[in-house]
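Worksheet for the structure shown next.
The values are calculated or read from the model by the stated rules, or taken from the named source; none is laboratory data. Everything quoted here is computed from the prediction, not taken from an experiment. For neighbour counting, all protein chains shown are included, and Cβ atoms are generated from backbone atoms with ideal geometry for every residue, glycine included. Calculation scope for accessible area: heavy atoms of the full protein, side chains included, ligands and nucleic acids excluded. Shrake-Rupley method; radii C 1.70, N 1.55, O 1.52, S 1.80 Å.
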Amino acid sequence: MASEHPPTIDPVAAQRWHRAAPAHSPWLHEEVARRMEDRLQWIRLEPKAWADWEPVRGGLAAHALIERRYPRAQSWIVGNETRQASSAAVSDTRPWWRRLSAPVLRHGPVADGAVQMLWANMALHMSAQPQALIGEWHRALAPEGFLMFSCLGPDTLRELRAVYGELGWPPAAHEFTDMHDWGDMLVHAGFAEPVMDMERITLTWETPQRLLAELGELGTNLHPARFAALRGKGWKSLLHDEMAQRLRQPDGRLALTFEIIYGHAFKPAPTVRVSGESAVSLQDMRSILRRGKEPGR
């Protein structure tokens, strides 16, 4: 499974998108991050250090919320953005007094086992190597640390997919993975107790032009069978007309569905199997010894 690629994601297109994605946080990403941050109230572990995966795209306002929740925690910035751009963007969300007293922002890559929480908002569905990415998250977490992530699910853009299908066009978007498959991939990567949840959010727009402009900020079509060349003005005019007709709601606005998947899982503490000869990594041995010294163990 670790070597498999999603069959409806073109790796070259995915790489191109990661290089060219707009360097700001889309509204939907911020809203999803806000809802996911609210779930942290149920997590008893307070991380001493945490990593934010691609915070400029994932949500700068959410990064500030997490810093307020864990004011003493060291935060890492991990992602494709340049160190200067991402660090400056995150720093700008801090109040002036926070900039004086907060731990210095650190920029990835994160050392093995260096953080107790890894936060990855709305990134996984655009990855051409999701199993490898989940493995990176697992590696960065300390034993008994936890992962919080979100991504788009299969029902996303179902109305637009239907429009393309009825017109006989190639797919409007690549396929998004089901939450149960994400759970299996988490377990395959070594995570324990994965908890998956989903909700549907309906967004509306006044015009097809505004709708398509915002979709362009959220992502791009990575399907290998997508339109292979530029289309003309006639094609776009037809698309606008069809969307205006088929997506219009009773209030006159155009609506699209977004399925949002939330995932949460722990990295279990290492254990040693009893056998004639056992091999344990130095990092795992240190973790085992630390656990043995904790009160009550």
Excluding ligands and nucleic acids, what accessible area in Å² is computed for residue 196 using a 1.4 Å probe, to the nearest 10? 40 Å²
So, with +1 on the Cβ of K and R and -1 on the Cβ of D and E, and no other charges, what is the size of the charge dipole of region 200-252 about its Cα centre, to the nearest 20 debye? 220 debye
Treat every Asp and Glu Cβ in region 122-248 as -1 and every Lys and Arg Cβ as +1, leave all other atoms uncharged, and give the resulting dipole magnitude about the Cα centre to the nearest 20 debye. 720 debye
How do 158-169, 55-66, 173-184, 25-36 rank on mean C-beta neighbours within 10 Å, highest first? 55-66, 25-36, 173-184, 158-169
Run the 1.4 Å probe and let me know the accessible area of residue 43, rounded to the nearest 10 Å². 30 Å²
